[in-house]
Amino acid sequence: METTRSYVDLKHQLPIAAASVMTDENQHEVRCGMCARELYVDEDSYRLYSEALISGLDNPFRCEVCREEYDDLAYEG
Ligand SMILES: [Zn+2]
């Protein structure tokens, strides 16, 4: 019974949307923090991701699908 609990824990962190397609700018592979899908981000975002993991924080990245789910939950309050 911990379906919604992780959302609460993440409240202090903004989820960062990342695209699932590699582009010239976004060449660093990360994983969606919720569904573990491969995403691609630029160097700055990748550094943030590395620092979050090193610091023991949750993976802040979300694929487009998971981010929409997060938004829905946020609106429901
Ligand atoms: Zn996802």
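What follows is calculated from the coordinates using simple rules that are stated; it is not laboratory data. Just so you know, these numbers come straight off a predicted model, no measurement behind them. Cβ placement follows ideal geometry from the backbone for every residue including glycine, while neighbour counts extend to all protein chains displayed.
At a 10 Å Cβ-Cβ cut-off, how would you order MET34, MET22, fewest neighbours first?
Neighbour counts put them in this order, fewest first: MET22, MET34.
With each label point set 7 Å from Cα along the Cα-Cβ vector, what nm distance links SER55 and ASP72?
Each label point lies 7 Å from its Cα, and together they span 3.0 nm.
Show the residues, 5+ positions off or on another chain, whose built amide H is closer than 5 Å to the amide H of ARG62.
Result for ARG62 returns ILE16, ALA17, ALA18, GLY33.
How do LEU39, LEU73, LEU48 line up, fewest other C-beta atoms within 10 Å first?
Starting with the residue having the fewest Cβ neighbours, the order is LEU73, LEU48, LEU39.
Between VAL30 and residues 5 or more places away or on another chain, which pairs have amide H atoms under 5 Å apart, with H built 1.01 Å from N, and which residues are they?
LEU39, TYR40, VAL41
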